[in-house]
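Just below is one structure, and these are the notes that go with it.
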Amino acid sequence: MSVEIISEHINALLGRKDAKLIVHHEGTGTPDRLAIRKIASDHFKTPQDKVFVRSVQTRTGGSSAICKVEVYTDSKLADQIVPAYVKNRNLPPGQRVSRKKGPEDEKPAPAAPKTPAPEKKAEPPKPAPAKESKPAPAETKPSTKPDAKPAAKPDAKPAAKPDAKPAAKPDAKPAAKVPAKPDSKPKA
């Protein structure tokens, strides 16, 4: 893998060097942050704990990655400035801290088989009276529904279709009646 520096900017206020690199990786996949961190620390001749990779971008099917890297002058200063998620991304997979789960994110643990299941089988007499009380309301519901449906249908239909255009508009003046023209030909 070879490295090419696109831009380099010294940020004296934050005590770091911001760099944009192109890492060429022909024949292999996109390098992970650890590999880029090692390449950048070798190039800038600083320890890896002062180098943080902010982003890695590769075009689909491309063989070069554009990387944004921050190189700090002091590791204590880096601990204060660099966000925790960036520090976590720059660690090896075994050392990374997983995201803390909130109460809504927690999944309940699979429940162990409960032993009270056989007791429920021994209690069928209790649901039987409840079943007897349920059919009575069910019988009243069908009797009310058929009565309501036929009554609603005749009321919903209008007796006659209204005209497409109303005869007169309430705001407009009524139209004057024009007498019918007599036929110009006399009838024989």
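The values are calculated or read from the model by the stated rules, or taken from the named source; none is laboratory data. Owing to the predicted nature of the structure, the values given are computational and were not obtained by experimental measurement. A quick note on method: Cβ atoms are made from the backbone with ideal geometry, for glycine too, and the neighbour counts reach across all protein chains shown.
General observations
- Single condition F52 does not satisfy, out of (1) of a type in the set (F, W, Y); (2) surrounded by 13 or more Cβ atoms within 10 Å (Cβ to Cβ); (3) part of a helix (DSSP H, G or I): (3)
- Pairs with Cβ under 6 Å, 6+ apart, first in the stretch 46-69 and in contact (Cβ under 8 Å) with a residue 40 or more places away in the chain, second surrounded by fewer than 19 Cβ atoms within 10 Å (Cβ to Cβ) and part of a strand (DSSP E or B): S64/I22; S64/H24; A65/T58; I66/I22; I66/Q57; K68/K20; K68/R54; K68/S55
- Tally, over the stretch 59-90, of residues that are in a strand (DSSP E or B) and either modelled with pLDDT under 90 or within 15 Å of F44 (Cα to Cα) (or both): 6
- Applying the set (1) outside any loop (DSSP other than H, G, I, E, B); (2) touching a residue at least 12 places away in the same chain (Cβ under 8 Å) to G27 leaves exactly one unmet item: (1).
- Residue list for the stretch 1-16, filter: under 24 Å from S75 (Cβ atoms) and either in a loop (DSSP other than H, G, I, E, B) or in contact with a helix residue (DSSP H, G or I) (Cβ under 7 Å, 6 or more places away or on another chain) (or both): V3, A12, L13, L14, G15
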